[in-house]
Amino acid sequence: MDSKKLLWVFIGTLLVLFIYFISLDGMLLWDEHAYMANARNHLTQSYYTEDFRFPLLEFIVALTWTFTGESVFAAQLLAVFFSLLLILFVYLLSKELMEEKYALIAALVTGLSSQLLFWGFRVYNDILGMVFVVMSIYFFFFFFNNRKKSAIGSNTLLFFAGACTGLVFLARFPLVIIPGLFFAYFIYKKNLKGVLFASIGAGIPILAWMLDNFIRFGNPFYQFFEQARIVSEYSVYQSPALLLGFFWETFSFSLLFLVPFLAYVFYAKKNQREILLLLTAALIVNLVFYLFFVDLKLERYLLVFIPLMAVCMALGLKFLVEKTRHYNMAVLVLLSALLLAPILISSTYTFNDMAHDAYCTRDGAVKSSIAYVKENIEPGELVVADTWVYYGFHANARIYNWSGGVDIDSALRVHEPVFIIYTKHDGLDMPLEDFEDNPLLALDRVFEYPKCHHEVRVYVRNQTLSG
């Protein structure tokens, strides 16, 4: 079976696997609620929104929902689509740099990584952003390699590269650094015509976003500055060593294949070396940014590295195989196994964690409390909770972010909520005695899941009780 057929078998297998993960029916993760609540607001009234979120994902979800109706499952399938599209474009990008068999290895490294398997069906923006990063780089590389033979014309290729760059910015603002290096390369090469066409492509989605911001918020850059404000106010500094540890947990000894990649860059011909140096620079600049300029070191941030690292690892594999004195298929298989084995081992731990999480949350305390609140309030009524995103999205409630240090009495008088919710879940434990000892509160329901140490207590204000 050739590489293309194996690629489609792999993509089909991942599609089945992702649908199985969705069928486990675990809890949505935190930001998923926010993005889907924002998407709802483009179609109807959403009483809970977070306008500082990166804008592209909510628009794509809203567009999808115009055909499917509001559906969490449809949004999750959309996330799966972009995950599989990412793998396809990693393969296509890799084909511009190496033979198909090595391009397939790059696609396997991407698709089998624990991070992509965990996040591949989640309604988050990281994979969406990387799809357009890889697409942008692909069109740039295709321009470098095939501009004289391209049926659609070199200027069109650069326009597409620029359009993808604009979408990268809207998917996740900082990611624009990566394709931005390619713009800088064109300026360095004094290819001003190329810069012009790429800039026109990038400008179209960005100008549309600016117009939307101006119409809705009165400021064309509102979401950009609001995102920066939220991050600066609420981010907590974490050591760069934490992110480096996530790299090791995900790739382990597979990282060693980056060493022969650097050797491959050194031995490459001049024209290809420039392209490979751009790829290397993109990884290094991105790494420096996330290590030293981003306070939080979240494990999912590895998603912005994995596709390009996969390409580099496959090139490192290619270098090792071709430098082997007695090269044959057995050498390729052996070295490929050494590259993929640590990644697969990491993924098995992820499978176990996902199964445990689904077991704890499928019929757990939080889901039960969400169903109860949804049944007993009208859209737009107020809920006070530490896990506010759950009730804001699922119940379409107005929410008040309950956090430690807030005076309960004044909060109840000012906001007059229907429910006040205490959650012992996700590390958000609040002092229970603040609730139990307060005469303004009355316990309405308790939802427990002792096997996973989850507990949710739903309170109401005393004056709302009858009898």
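Since every read-out is calculated from the coordinates, none of them should be taken as a lab result. Note that the coordinates shown come from a computational prediction; the quantities given were computed from them, not determined experimentally. Here Cβ is always computed from backbone atoms with ideal geometry, including for glycine, and neighbour counts include all displayed protein chains.
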(message) Can you tell me what share of the DSSP beta bridges in the chain is antiparallel? A percent to the nearest 5 is fine.
(response) 65 percent
(request) Mind jotting down the distance between the C-alpha centroids of the range 60-116 and the range 150-219, whole Å? (result) 21 Å
(request) Sort out the exposed loop trypsin sites (Lys or Arg not before Pro) in the chain (DSSP loop, at most 10 other Cβ within 10 Å) and tell me the longest stretch that has none. (result) 1-147
(message) To test your reading of the geometry: what angle, between 0 and 90 degrees and rounded to tens, separates the Cα axis of helix 126-146 from the longest principal axis of the chain?
(response) 20 degrees
(message) As a footprinting exposure proxy, order Glu378, Glu50 by other Cβ within 10 Å, with the fewest listed first.
(response) Glu378, Glu50
(request) Kindly put Ser114, Ser154, Ser232 in sequence by how many other C-beta atoms sit within 10 Å of each C-beta, fewest to most. (result) Ser232, Ser154, Ser114
(message) When the expected Rg is taken as 2.2 N^0.38 Å, what fraction or multiple of it is the alpha-carbon Rg of the range 365-464?
(response) 0.97
(request) Please give the helix 222-234 orientation as an angle from the longest Cα principal axis of the chain, in degrees from 0 to 90, rounded to the nearest 10. (result) 70 degrees
(message) For the chain, take the longest principal axis of its alpha carbons; what is the angle in degrees between that and the long axis of helix 365-376, to the nearest 10 within 0 to 90?
(response) 60 degrees
(request) Can you check how the C-alpha radius of gyration of the range 1-131 compares to 2.2 N^0.38 Å, as a plain ratio? (result) 1.15
(request) Going by C-beta contacts inside 10 Å, put Ile399, Ile420, Ile22, Ile187 in order with the fewest on the left. (result) Ile187, Ile22, Ile399, Ile420
(message) Show me, bin by bin at 10 Å from 0, the whole-percent P(r) of the chain based on Cα pairs.
(response) 4, 18, 27, 25, 15, 8, 3, 1, 0
